[in-house]
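The values are calculated or read from the model by the stated rules, or taken from the named source; none is laboratory data. Remember, it's a predicted structure, so these values are computed and weren't measured experimentally. Cβ: placed from backbone, ideal geometry, glycine included. Neighbour counts: every protein chain shown. All accessible areas refer to the heavy atoms of the entire protein, side chains included, with ligands and DNA or RNA removed. Shrake-Rupley method; radii C 1.70, N 1.55, O 1.52, S 1.80 Å.
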Amino acid sequence: QVQLVESGGGLVQPGGSLRLSCAASTVFFSWYTMGWYRQAPGNQRELVADIGSVGGTNSADSVKGRFTISRDNAKNTVYLQMKSLKPEDTAVYYCNARHYPENYWGQGTQVTVSS
């Protein structure tokens, strides 16, 4: 069982920046594909970005050029740097770790973009 603990959410004005962090409780962190998902009220959970075990990344079109996912295998941590935030980025952001057949979720952290 892998525990994922997110941090870094909060309230930010449009155009602002936030960095989310997700710490994983596993010594095998480097094996996992790590991802960030988000869910806004009334919407389905959607992929924001993910990063593979060797560093390849994938991101949603809506965040390309604004959000960057990265990982530090020495710290068992994945990050999501968010810039030029928009009100439509408001959601609960969830950290995900997967390595077949395992799939784990964090508890989520709220990001609110509002003036």
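Reported count of residues in segment 40-50, each being open to solvent by less than 40 Å² (accessible area, probe 1.4 Å), within 10 Å of A91 (Cβ to Cβ) and part of a strand (DSSP E or B), is 1.
Among the residues making up segment 95-115, those that are surrounded by 13 or more Cβ atoms within 10 Å (Cβ to Cβ) and closer than 17 Å to Q1 by Cα are C95, N96, A97, R98, H99, E102, Y104, W105, G106. When restricted to residues that are open to solvent by 60 Å² or more (accessible area, probe 1.4 Å) and either without any contact (Cβ under 8 Å) to a residue 24 or more places away in the chain or closer than 19 Å to T112 by Cβ (or both), segment 63-84 contains 6. Within segment 26-74, being of a type in the set (G, A, S), closer than 21 Å to E102 by Cβ and touching a strand residue (DSSP E or B) at 6+ places or on another chain (Cβ under 8 Å) holds for G35, A49, G52, S53, G55. Please indicate, with yes or no, whether at least one residue in segment 45-59 is closer than 27 Å to S114 by Cα and of a type in the set (S, T, Y). Yes, the conditions are met somewhere in segment 45-59. Selection over segment 51-61 of residues that are open to solvent by 50 Å² or more (accessible area, probe 1.4 Å) and touching a residue at least 12 places away in the same chain (Cβ under 8 Å) gives a count of 2. Within segment 47-73, the set of residues being within 20 Å of G106 (Cβ to Cβ) and among the hydrophobic types (A, V, I, L, M, F, W, C) comprises L47, V48, A49, I51, A60, V63, F67, I69. Restricting segment 10-39 to residues that are buried (at least 17 other Cβ atoms within 10 Å of the Cβ) and assigned to a loop (DSSP other than H, G, I, E, B), the residue that is nearest to the chain's Cα centre (by Cα) is Y32.
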